[in-house]
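The values are calculated or read from the model by the stated rules, or taken from the named source; none is laboratory data. Bear in mind that the values here come from a model prediction, so they are computed numbers and not experimental data. Cβ placement follows ideal geometry from the backbone for every residue including glycine, while neighbour counts extend to all protein chains displayed.
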Amino acid sequence: MLKINNTLSRKVEEFKPIKKDEVGIYTCGPTVYREVHIGNFRTYIGADLLRRVLIHNGYRVVHIKNIVAEAIAEGKTPQEISEHFTKLYFEDEKKLNILPATHYPKASDHIKEMIAIIKIILDKGLAYETEGNVYFDVKKFKNYGELSGNTLDKMDQLLKAVRVSVETDKKDSADFALWKKADKDRLMKWESPWGEGFPGWHIECSAMSIKYLGDSFDIHTGGEDLIFPHHEDEIAQSEGATGAKFANYWMHSGFLLIDEEKMSRSRGNIYTIAELEKNLPAGRQGFEPLAFRYLTFMTHYKSKMNFTIDALQGAQTALNKLREFIVQKGLPKGEAEEFENKFYRALDDDLNMPKALGIVWEMIKSDDYTLPNKKASLLRFDEILGLDLHMAQGFLANKKEEKIPGEIIKLMEERNALRKQKRYLLADQWRRKIIKKGY
Ligand code: AMP
Ligand code: ZN
């Protein structure tokens, strides 16, 4: 029986789905105006783990993940920018073995739905319009603060926590925008009953989760920074509009840190998957995206996790050891029953992956089961781990091929030296030598 730490109740609760054998999950997705970083991916891997454990528990999962486009001036149109980074995002998801969502709705395709919800909220008297802006009237929603603890009686803290408060036409600084009037030079804007404008930050998730999962659904996920104001405001808008309970369970991941600071674009301390694969600090070989996936499993999803290249190296080594275990002679057969029970029990206990990983290694070292039994169990565990262990042979073979012999490295260095001395004809000869040797 699966238990989840529900941010809403601040308790580890038994998971009870709305429908008998189907679970709806909504994940606040990536903003695609730049590369998505590995901190973001830690959160998406957490949602993927949840999904795989639900599937193991016999549920069909409908998983919705929105794609957030944002208009910025980079010489390209916002659409070109978001298309480019959406493509990169999907490639990274694939490399990390994150199961593709059932739908990836885009905010810009759901403006009509957003306007419809805003109209309902206005009709119910929960919002007001001021010259082309529409604001949610937080005081009118009695459960405000239920998720984050930022209730209205804690107004002082609330105001400090609200990101920016440039809107001066709000009745109350805690109110938040549902629709904003667009400046003349803004690229992404739409017609609405309140004039030309664009939706507020939170309304897209309400509109799209309701459209694809219904007024009430099972689990909403995201990183811990989204609890307030984003998710608090999603609840206020959605429940304000539908009158129904929005999401039953809220699952929030802890931050990925670097030097004990949150990894974020604005701090400039990010790594991307591509960087892990290639451009690492001098002298370091690239790592596999799956090594990062493994690394995230070493910390409970809800705890903060400090990222270091050394830790990633450790994860890469562990991943390779799992592969070496799998490629040993002997067909997988039967199971290592005791370890299977323990493995799934750890995951059912609020996705305790560090514990489950410990059980994997305990099983590998154990003498109580045969190699075929242990292999069979490990391959089954991999349906949740998502480390492609069934392809271990191929990964290990590739690794060997990629090892460049010393002779070739020497030729490459000589060629670089020749190029530096501008002796291009000779450098070209060296290049041909390298190619001739098959590199
Ligand atoms: P954003 O693109 O900033 O909206 O973030 C997308 C998702 O990644 C959200 O669920 C965030 O909460 C999450 N996120 C952002 N930064 C981090 C981080 N350093 N560690 C873990 N999750 C993060
Ligand atoms: Zn969202």
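With the condition kept exactly as written, say whether any residue in segment 272-287 is farther than 30 Å from residue 359 by Cβ, within 12 Å of ligand 2 (Cβ to nearest atom) and either surrounded by 22 or more Cβ atoms within 10 Å (Cβ to Cβ) or modelled with pLDDT of 95 or more (or both).
no
In segment 300-355, what residues are in a helix (DSSP H, G or I) and within 21 Å of residue 273 (Cα to Cα)?
Of the residues in segment 300-355, the ones in a helix (DSSP H, G or I) are 309-326, 337-348, 353-355.
Hits for segment 300-355 are 309, 310, 311, 312, 313, 314, 315, 316, 317, 318, 319, 320.
Conditions: (1) more than 13 Å from the chain's Cα centre (by Cα); (2) in contact (Cβ under 8 Å) with a residue 60 or more places away in the chain; (3) under 30 Å from residue 349 (Cα atoms); (4) in a helix (DSSP H, G or I). Residue 92 meets all but one. Number of the miss?
(1)
So, in segment 6-25, how many residues would count as being crowded, with 17+ Cβ neighbours inside 10 Å and more than 16 Å from ligand 1 (Cβ to nearest atom)? Before you say what the answer is, go through the steps one by one.
Taking segment 6-25 as the starting set, the residues that turn out to be crowded, with 17+ Cβ neighbours inside 10 Å are 6-8, 15, 17, 23-25.
With the extra rule that they be more than 16 Å from ligand 1 (Cβ to nearest atom), the set shrinks to 6, 8, 15, 17, 23-24.
So the answer is 6.
Each row is one residue, and each column tells you yes or no for (1) in contact with a helix residue (DSSP H, G or I) (Cβ under 8 Å, 6 or more places away or on another chain); (2) at pLDDT 95 or above; (3) more than 29 Å from residue 4 (Cβ to Cβ).
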position: 44; (1), (2), (3): yes, yes, no
position: 48; (1), (2), (3): no, yes, no
position: 51; (1), (2), (3): no, yes, no
position: 57; (1), (2), (3): yes, yes, no
position: 71; (1), (2), (3): yes, no, yes
position: 87; (1), (2), (3): no, yes, yes
position: 94; (1), (2), (3): no, yes, no
position: 101; (1), (2), (3): no, yes, no
position: 105; (1), (2), (3): yes, yes, no
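If I ask for residues that are in a helix (DSSP H, G or I) and surrounded by fewer than 16 Cβ atoms within 10 Å (Cβ to Cβ), which ones from segment 77-89 would you list? First the steps, then the outcome.
Quick first cut of segment 77-89, residues in a helix (DSSP H, G or I) only: 78-89.
Within segment 77-89, 79, 80, 83, 84, 87 qualify.
Please go through segment 379-410 and pick out each residue that is aliphatic (A, V, I, L, M), at pLDDT below 85 and assigned to a helix (DSSP H, G or I). Even if it seems obvious, please write down each step before you answer.
Filtering segment 379-410 down to residues aliphatic (A, V, I, L, M) leaves 379, 384-385, 387, 389, 391-392, 396-397, 404, 408-409.
Now restrict to residues that are at pLDDT below 85: 397, 404, 408-409.
Correct list: 397, 408, 409.
Residues checked against (1) away from ligand 2 (no atom under 16 Å from the Cβ); (2) assigned to a strand (DSSP E or B); (3) within 20 Å of the chain's Cα centre (by Cα):
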site	(1), (2), (3)
222	no, yes, yes
232	no, no, yes
239	no, no, no
252	no, yes, yes
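Return the residue satisfying two criteria in turn: it lies in segment 99-124 and is surrounded by fewer than 21 Cβ atoms within 10 Å (Cβ to Cβ) and touching an Asp or Glu at 6+ places or on another chain (Cβ under 8 Å), and of such residues it is farthest from residue 385 (Cα to Cα).
Applying the filter and picking the extreme gives 122.
Anything in segment 30-70 that is within 13 Å of ligand 2 (Cβ to nearest atom) and farther than 16 Å from residue 97 by Cα? List them, or say none.
30, 31, 64, 66, 67, 68
Return the only residue of 304, 375, 355 being over 25 Å from the mean Cα position of the chain (by Cα) and not aliphatic (A, V, I, L, M). So that I can check it myself, show each step before the final result.
Working: 304 fails: over 25 Å from the mean Cα position of the chain (by Cα); 355 fails: over 25 Å from the mean Cα position of the chain (by Cα).
Unique residue meeting the criteria: 375.
Identify, by number, the condition in (1) within 16 Å of ligand 2 (Cβ to nearest atom); (2) over 19 Å from residue 120 (Cα atoms); (3) crowded, with 23+ Cβ neighbours inside 10 Å that residue 246 doesn't meet.
So residue 246 meets the others, but not (2).
Consider only pairs whose beta carbons are under 6 Å apart and that are at least six residues apart or on different chains; among these, list those whose first residue lies in segment 156-181 and is of a type in the set (S, T, N, Q) and whose second residue is modelled with pLDDT under 60.
Taking only residues 6 or more apart or on different chains, the pairs are 173/165.
Can you tell me which of (1) outside any helix (DSSP H, G or I); (2) in contact with a helix residue (DSSP H, G or I) (Cβ under 6 Å, 6 or more places away or on another chain); (3) polar (S, T, N, Q) is the one residue 266 doesn't meet?
Exception for residue 266: condition (2).
Given (1) more than 16 Å from ligand 1 (Cβ to nearest atom); (2) more than 30 Å from residue 16 (Cβ to Cβ), identify the lone condition not met by residue 346.
Of everything listed in (1) more than 16 Å from ligand 1 (Cβ to nearest atom); (2) more than 30 Å from residue 16 (Cβ to Cβ), residue 346 misses just condition (2).
Of all residues in segment 26-44, count the ones that are more than 10 Å from ligand 1 (Cβ to nearest atom) and either buried (at least 24 other Cβ atoms within 10 Å of the Cβ) or part of a helix (DSSP H, G or I) (or both).
Within segment 26-44, the subset more than 10 Å from ligand 1 (Cβ to nearest atom) is 26, 35.
With either buried (at least 24 other Cβ atoms within 10 Å of the Cβ) or part of a helix (DSSP H, G or I) (or both) added as a condition, the list becomes 26.
Total meeting the criteria: 1.
Condition (residue is modelled with pLDDT of 95 or more and under 21 Å from residue 393 (Cβ atoms)) applied to segment 249-262: is it met by at least one residue? Before the answer, list the steps.
Here is the first cut: in segment 249-262, the residues modelled with pLDDT of 95 or more are 249-258, 261-262.
Checking the rest, the ones that are also under 21 Å from residue 393 (Cβ atoms) come to none.
No - not one qualifying residue is present in segment 249-262.
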